[in-house]
Amino acid sequence: MNNNRKIAIVSASLGVGGAERFAAMLGTMLHGLGYEIHHLIILDFVTYEYEGKLVNLGKMFAQEQGVFRAVKKGKYIARYLHDNQIDTIIDLRSRPMLVREIFTKWIYGQRKAYFMVHSSNLDMYFPKSRFWTKYLYSKATKIVTVSKAVEQKIKQQYGLTNTKTIYNPVIFPDAVNDKPSGLPETYFLFFGRLENAIKNLSLLLEAYELSEAKQKGVSMILLGDGSDKDTIAGKIQQKQLSSFVKIIPFQKEVLPFIQHAKATVLTSRYEGFPMSLIESLAAGTPVISVDCESGPNEIVRNEVNGLLVENHKPQALANAMNLFIADENLYRNCKNNAKQSVEHLSLNAITQAWQQLLNE
């Protein structure tokens with residue numbers, strides 16, 4: 001397919017994180033449709049494979065400081081968009097700073113601009129002021145949300161109507177990978193950023209401690225890095241769980257860990273559309289998730305492809321872990337349903353949704 005449009009995908013980085021992983025994936029999807037893709041990243045962090053041209057602003061302006069760095073970056077972006085005749089922008093950044101976003105509005109000019117919202121924490125994407133939010137985004141080509149719950153919240157909170165939900169895509173693995181060495185025989189898995197304010201790993205540890213998993217030989221693996229890694233490690237030691245709960249640093253290839261897990265567990269305070277759940281299901285691994293704001297209840301069908309429990313309830317989460325351990329028939333049913341439950345999120349289906357949006 002030949003498309004003449006030139007698209008700039010603006011993201012924080014192409015490194016750790018669901019939004020950043022999606023930025024790389026989106027570029028590959030649109031490149032496959034024939035669009036010319038330019039990745040503009042704010043931070044010098046690249047771990048994911050990508051298609052198109054990379055403009056690493058973090059690396060280019062590493063020696064600059066403070067407001068001068070921001071201004072120089074902004075001027076460079078404006079010149080780059082002009083010189084490369086970019087006609088479409090897809091902005092995946094968090095956007096909490098009003099002054100910066102007024103500057104960004106000037107930089108983007110009259111180009112088609114799609115602003116993505118990856119989380120139900122809208123303070124990370126919009127000014128608190130309804131007036132300024134409408135000024136900045138009411139004439140955007142489209143505000144693209146990753147869940148229907150987030151879209152509805154934006155409509156209610158800011159009165160914006162130029163919204164559309166397109167779910168994140170998931171890639172279905174072709175084969176089962178070898179089990180990474182050193183892993184326990186049976187384990188629950190959490191993978192993502194080790195940031196307690198969002199992921200609420202305190203709840204995960206408390207629920208695991210209350211569960212029968214230890215006695216039944218089911219360990220817990222926490223896979224990832226983050227600002228609270230040392231604090232979480234301290235809690236594991238304090239609870240005397242060091243023999244059962246292990247922290248493994250971020251891995252570029254997480255699929256083998258998912259495929260050999262009994263279940264993936266999510267305990268977030270809020271989400272957007274959690275990639276860890278859909279990636280787990282696509283790999284054939286059922287999930288246990290709290291019903292936090294936005295995402296899980298649009299993915300998890302209780303006792304069909306996983307277990308969905310009330311948030312902030314350690315005993316309820318512990319009971320869910322126990323249920324998957326004790327009820328083999330229920331567990332096998334959820335496991336057998338896992339892949340087909342996310343078929344509507346296939347790369348092809350979501351690519352076509354983006355193609356349709358860009359053609360509107």
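Annotations
- Residues of region 287-297 satisfying the condition of being in a strand (DSSP E or B) and over 25 Å from ASN322 (Cβ atoms): GLU293
- Residue satisfying condition, being without any contact (Cβ under 8 Å) to a residue 40 or more places away in the chain, small (Gly, Ala, Ser) and part of a loop (DSSP other than H, G, I, E, B), within set GLY27, GLY74, GLY34: GLY34
This table checks each residue for (1) within 28 Å of PRO274 (Cβ to Cβ); (2) modelled with pLDDT of 95 or more; (3) not acidic (Asp, Glu).
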{"site": "ASN2", "(1), (2), (3)": "no, no, yes"}
{"site": "ALA19", "(1), (2), (3)": "yes, no, yes"}
{"site": "GLU36", "(1), (2), (3)": "no, yes, no"}
{"site": "TYR48", "(1), (2), (3)": "yes, no, yes"}
{"site": "LYS72", "(1), (2), (3)": "no, no, yes"}
{"site": "LYS75", "(1), (2), (3)": "no, yes, yes"}
{"site": "ILE102", "(1), (2), (3)": "no, yes, yes"}
{"site": "ILE107", "(1), (2), (3)": "no, yes, yes"}
{"site": "ALA113", "(1), (2), (3)": "yes, yes, yes"}
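- Selection over region 307-340 of residues that are on the phi < 0 side of the Ramachandran plot and not in a helix (DSSP H, G or I) gives a count of 9.
- Entry remark, region 198-226: residues being aliphatic (A, V, I, L, M) and either farther than 23 Å from THR47 by Cβ or outside the structural domain of ALA283 (by TED's automatic domain parsing) (or both) number 8 in total.
- Criterion violated by LYS59 - all others in (1) in contact (Cβ under 8 Å) with a residue 24 or more places away in the chain; (2) part of a helix (DSSP H, G or I) satisfied: (1)
- Conditions (1) among the hydroxyl-bearing types (Ser, Thr, Tyr); (2) under 23 Å from GLU151 (Cα atoms); (3) surrounded by fewer than 23 Cβ atoms within 10 Å (Cβ to Cβ); number of the one not met by TYR331: (2)
- Residue that is nearest to HIS118 (Cα to Cα), among those in region 287-314 that are touching a residue at least 60 places away in the same chain (Cβ under 8 Å) and in contact with a helix residue (DSSP H, G or I) (Cβ under 6 Å, 6 or more places away or on another chain): SER294
- If only residues of region 194-221 that are out of contact with any helix residue (DSSP H, G or I) (no Cβ under 9 Å at 6 or more places or on another chain) and over 24 Å from ASN322 (Cβ atoms) are counted, the one that is surrounded by the most Cβ atoms within 10 Å (Cβ to Cβ) is ILE198.
- Residue within region 39-56 that is part of a helix (DSSP H, G or I) and either in contact (Cβ under 8 Å) with a residue 24 or more places away in the chain or touching a Gly at 6+ places or on another chain (Cβ under 9 Å) (or both) present: no
- Yes/no for TYR80 being assigned to a helix (DSSP H, G or I), in contact (Cβ under 8 Å) with a residue 24 or more places away in the chain and closer than 24 Å to ALA24 by Cβ: yes
- Within region 195-221, the residues that satisfy the criterion of being among the small types (Gly, Ala, Ser) and not in a helix (DSSP H, G or I) are SER211, ALA213, GLY217, SER219.
- Qualifying residue in region 1-16 (condition: crowded, with 20+ Cβ neighbours inside 10 Å and either free of Cβ contacts under 8 Å to residues at least 40 places away in the same chain or assigned to a helix (DSSP H, G or I) (or both)): no
- Qualifying residue in region 78-90 (condition: closer than 29 Å to TYR270 by Cα and either hydrophobic (A, V, I, L, M, F, W, C) or at pLDDT 95 or above (or both)): yes
- The residues of region 303-360 that are hydroxyl-bearing (Ser, Thr, Tyr), touching a Leu at 6+ places or on another chain (Cβ under 9 Å) and within 30 Å of ILE89 (Cα to Cα) amount to a single one, THR351.
The values are calculated or read from the model by the stated rules, or taken from the named source; none is laboratory data. Here the structure is a predicted model, which is why all the values come from computation and not from measurement. We place every Cβ from the backbone using ideal geometry, glycine too, and count neighbours over all the protein chains shown.
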